[in-house]
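Visitor: Okay, here's the structure, questions in a sec.
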Amino acid sequence: MSKATGTFWLGRYDTVKTRFSILKKIRWGRYAVISIPSLWLALFFFIPFLVVFKISLAESAIAVPPYTDMFGWNVEDAILDVKIKLGNYLYLFEDSFYLDAYLSSVKIAGISTFFTLIIGFPMAYFIASKSGSTRILLLTLVILPFWTSFLLRVYAWMGFLKKNGIVNEFLQGIGIIDQPIQMLQTDFAVYIGIVYTYLPFMILPLYTTLEKLDASLIEASKDLGAGPIRTFFLITLPMSMPGILAGCLLVFIPAVGEFVIPALLGASDTLMIGRVLWDEFFQNRDWPMASAVATVMLLILVVPIMFLRNGKKEGSE
Amino acid sequence: MTQETTIPLWKQDGAKPFIQIKNVTKKFGEFTAVDNVSLDIYENELFCLLGGSGSGKSTLLRILAGFEELTSGQVLIDGIDMANIEPWNRPINMMFQSYALFPHMTVAKNIAFGLKRDKVPKKEIELRVAEMLSMMQIEEFAHRKPDQLSGGQRQRVALARALIKRPKLLLLDEPLGALDKKLREETQFELVNIQDKLGVTFIVVTHDQEEAMTLATRIGVMGNGIITQVDEPRDVYEYPSSRFVAEFVGSINLFDGRIYEDDVEHVKIKSKKAGCNFFVNHGISCSPNQKVTVAIRPEKMKVTRRQPDQEYNCLYGQIVDIAYMGNLSIFRVKLKSGKIVRVTLPNLVRENRNPLTWDDFVYLAWDYDSSVVLTS
Ligand SMILES: Nc1ncnc2c1ncn2[C@@H]1O[C@H](COP(=O)(O)OP(=O)(O)OP(=O)(O)O)[C@@H](O)[C@H]1O
Ligand SMILES: [Mg+2]
């Protein structure tokens, strides 16, 4: 009898032990899975950001690299000099030029995002409504432009939009206009460039959510008396909100910092923060100022995303 | 169901059908999903479409709801041709196979959806939603989202949403498919009650013949896009019109045979497989020597160890398998020809002193009016 009890306890002890080791394994596995993207973020996002942030607190100098050190070591008296300059940030807000550039960037990016959404949604909807092979073909067509260089495609647009370009010649040819219209080097051209370039980033997440949308929900709505337009606004649109949000962020964020498109297609007075950054960096060689501009831009982008995330969490509860 | 005292509409001459399906065909490319179906359904019916997977039940329902265009034929509801009437203008609501509840709306909003589209005053909407919630006993879930409900609760919400507009016709596509057996049976009776109370015409799709038996005023048996038989549940079971229906509804033993005596009052049929001759005490329209199938339900046979005093309709074989089901036992009896016959006996007493057991030799006999002769 006592022997039996002994074995019983031993058995139990064993199972407890193995359970513990399994738990440990699971936990380690979980950490490993989480740590890979975290490491990636730390390596390629957070550390570079810290470097940029540090530079933004320095003073520009004629040196290599062209800014002063944050930490100075006075050997004789063993004093650690820490020099932090906040002037770059102050200057950002003193000179309305920067503020204007930020606002203009956000405006251009916002309007472009809106148009990519308006154009991308029907395209994504159309692709999602097709079946099998047609779908794959259409998706390939959406991604196809990525196979050629981005710069090349922007140059192609210059060819389209210039004074004696294809669009003007066509419009003149059919007699709608007598004089060529100035399209290149206008804000209009910048909008076209951004919308064109970022359209796939809008279409793909939209397509993924629309494709998952259960067709019977649409039918149920119609069955309950809602016509196609109402069904769209009451069911399709709210149900595709995650895709819309993802698409808008994917377009808006890079569009705010866009440099190449406004530089090549825009007017000299098309004010965008990407260009300001470029000028500070390469023309003025003022690295600290450029870093301050970049840091603030990042804040402008990250803060709304944080809000969106919090809003979403509250909404789902 | 309670026995109706009045003659049902479908048995009255000249009664006006509520839904008329006339020679309806639906093709998907080359494939014919619904094949020249004609069917009349009357007001206040609870009509069951019964058929196997892929037989075209859902397609027929979707045609009524307006989601599939007809290849040919016509659908009339209350005498009105539905050809050019869009789904959102039809006096029909549907409960979907997957429930199709809107995941971004609460239960109450889901239920109110149909009324809001009709611009019903807000006060009335609130009243009717509350009424529906209490009828379905889901008041406490009113402010939950569908993904916070169990399968059975979702099913009630879907039913409430489809009923709230008080449609003339309610289509239900496998409404109880996701429920466990007990809940299923409860809900079946509830459905019948609701239908009684609201006086809505129901068409219910199911592939479960027991469910069809419980619910229906009439059953339409469907196979390969064709409706093979439309009858009251009892008649579908007792008088199947074809081999397909006989096999699909309940279980049945079939014997191929040949008519050797054809009289106005009776026919006699010879069957090699059975090892005996069959006697049917009613005439059937057939030619002499015609090949027919005799069908006998497992519960219609008497099982004895001693040979019954009966020349016809008497099989002899050995028990090869017994399944105890609680309320009844199923025996599989092997005839001399090797054919297996299925017999069920009710377990009337708790302890049987001399129970039938494996390898026992038994006689299986039935009355002259118990079998059905199938010519197709
Ligand atoms: N949109 C479609 N395109 C092509 N074929 C279809 C389509 N819809 C249905 N079918 C085919 O039509 C046939 C009937 O389908 P239906 O959905 O009506 O079957 P069902 O009787 O409801 O079956 P289940 O009990 O499995 O729901 C099936 O063979 C199906 O493959
Ligand atoms: Mg179906």
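The values are calculated or read from the model by the stated rules, or taken from the named source; none is laboratory data. Owing to the predicted nature of the structure, the values given are computational and were not obtained by experimental measurement. Cβ atoms come from the backbone with ideal geometry, glycine included; neighbour counts cover every protein chain shown.
Visitor: Can you spot a residue in region A:69-86 that is within 30 Å of A:ASP187 (Cβ to Cβ), of a type in the set (Val, Ile, Thr) and without any contact (Cβ under 8 Å) to a residue 12 or more places away in the chain?
Guide: Checking region A:69-86: not a single residue is within 30 Å of A:ASP187 (Cβ to Cβ), of a type in the set (Val, Ile, Thr) and without any contact (Cβ under 8 Å) to a residue 12 or more places away in the chain.
Visitor: Continuing with this model, one more query. Can you name every residue in region B:90-101 that is within 9 Å of chain A (Cβ to nearest Cβ) and over 18 Å from B:ALA178 (Cα atoms)?
Guide: Correct list: B:ARG90, B:ILE92, B:ASN93.
Visitor: Restricted to region B:34-70, and to residues that are within 12 Å of ligand 1 (Cβ to nearest atom) and assigned to a loop (DSSP other than H, G, I, E, B), which residue is nearest to the other protein chains (Cβ to nearest Cβ)?
Guide: Of everything passing the filter in region B:34-70, B:PHE67 is nearest to the other protein chains (Cβ to nearest Cβ).
Visitor: Please find, within region B:43-72, the residue that is nearest to ligand 2 (Cβ to nearest atom) out of those that are hydroxyl-bearing (Ser, Thr, Tyr) and over 28 Å from B:GLN188 (Cα atoms).
Guide: Among residues in region B:43-72 that are hydroxyl-bearing (Ser, Thr, Tyr) and over 28 Å from B:GLN188 (Cα atoms), the one nearest to ligand 2 (Cβ to nearest atom) is B:THR71.
Visitor: From the list B:LEU198, B:LEU183, B:LEU170, which one is away from every other protein chain (no Cβ under 14 Å) and under 26 Å from B:VAL230 (Cα atoms)?
Guide: Of the residues listed, the single one that is away from every other protein chain (no Cβ under 14 Å) and under 26 Å from B:VAL230 (Cα atoms) is B:LEU198.
Visitor: Looking only at region B:207-257, filter to residues that are part of a helix (DSSP H, G or I) and of a type in the set (Phe, Trp, Tyr); which one of those is farthest from ligand 2 (Cβ to nearest atom)?
Guide: That would be B:TYR237.
Visitor: If you check every pair at least six apart or on different chains, which have Cβ atoms under 6 Å apart with a residue in region B:58-72 that is over 17 Å from B:GLY223 (Cβ atoms) first and a residue that is within 9 Å of ligand 1 (Cβ to nearest atom) and part of a loop (DSSP other than H, G, I, E, B) second?
Guide: Once the first residue is over 17 Å from B:GLY223 (Cβ atoms) and sits in region B:58-72, its partners that are within 9 Å of ligand 1 (Cβ to nearest atom) and part of a loop (DSSP other than H, G, I, E, B) give B:ARG62/B:GLU68.
Visitor: Would you check which residues across region B:73-84 are buried (at least 21 other Cβ atoms within 10 Å of the Cβ) and either touching a residue at least 60 places away in the same chain (Cβ under 8 Å) or within 16 Å of ligand 2 (Cβ to nearest atom) (or both) and list them?
Guide: Of everything in region B:73-84, just one residue is buried (at least 21 other Cβ atoms within 10 Å of the Cβ) and either touching a residue at least 60 places away in the same chain (Cβ under 8 Å) or within 16 Å of ligand 2 (Cβ to nearest atom) (or both), namely B:ILE77.
For (1) surrounded by 15 or more Cβ atoms within 10 Å (Cβ to Cβ); (2) touching a His at 6+ places or on another chain (Cβ under 6 Å); (3) within 14 Å of another protein chain (Cβ to nearest Cβ), each residue gets a yes or a no:
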| position | (1), (2), (3) |
| --- | --- |
| A:MET158 | yes, no, no |
| A:LYS163 | no, no, no |
| A:ASP178 | no, no, no |
| A:THR186 | yes, no, no |
| A:TYR198 | yes, no, no |
| A:ALA215 | no, no, yes |
| A:PRO228 | no, no, yes |
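Visitor: Further question on the same structure: Determine whether B:LYS145 is more than 16 Å from ligand 1 (Cβ to nearest atom) and under 20 Å from the mean Cα position of the chain (by Cα).
Guide: Criteria not met by B:LYS145.
Visitor: Let me ask another. Where in region B:99-206 are there helices (runs of 4 or more DSSP H), lying fully within it, with 1 or more residues that are among the aliphatic types (A, V, I, L, M) and within 21 Å of A:LEU213 (Cα to Cα)?
Guide: Where helices (runs of 4 or more DSSP H) fall fully within region B:99-206 and carry at least 1 residues being among the aliphatic types (A, V, I, L, M) and within 21 Å of A:LEU213 (Cα to Cα), they are B:107-117, B:151-163.
Visitor: Restricting to helices (runs of 4 or more DSSP H) lying wholly in region A:53-146: which have 2 or more residues that are under 19 Å from the mean Cα position of the chain (by Cα), at pLDDT below 95 and among the hydroxyl-bearing types (Ser, Thr, Tyr)?
Guide: Because the criterion is at least 2 residues that are under 19 Å from the mean Cα position of the chain (by Cα), at pLDDT below 95 and among the hydroxyl-bearing types (Ser, Thr, Tyr), the helices (runs of 4 or more DSSP H) in region A:53-146 that meet it are A:96-129.
Visitor: Which condition number does B:MET105 fail, the rest of (1) more than 9 Å from chain A (Cβ to nearest Cβ); (2) away from ligand 1 (no atom under 16 Å from the Cβ); (3) out of contact with any Asp or Glu (no Cβ under 9 Å at 6 or more places or on another chain) being met?
Guide: (1)
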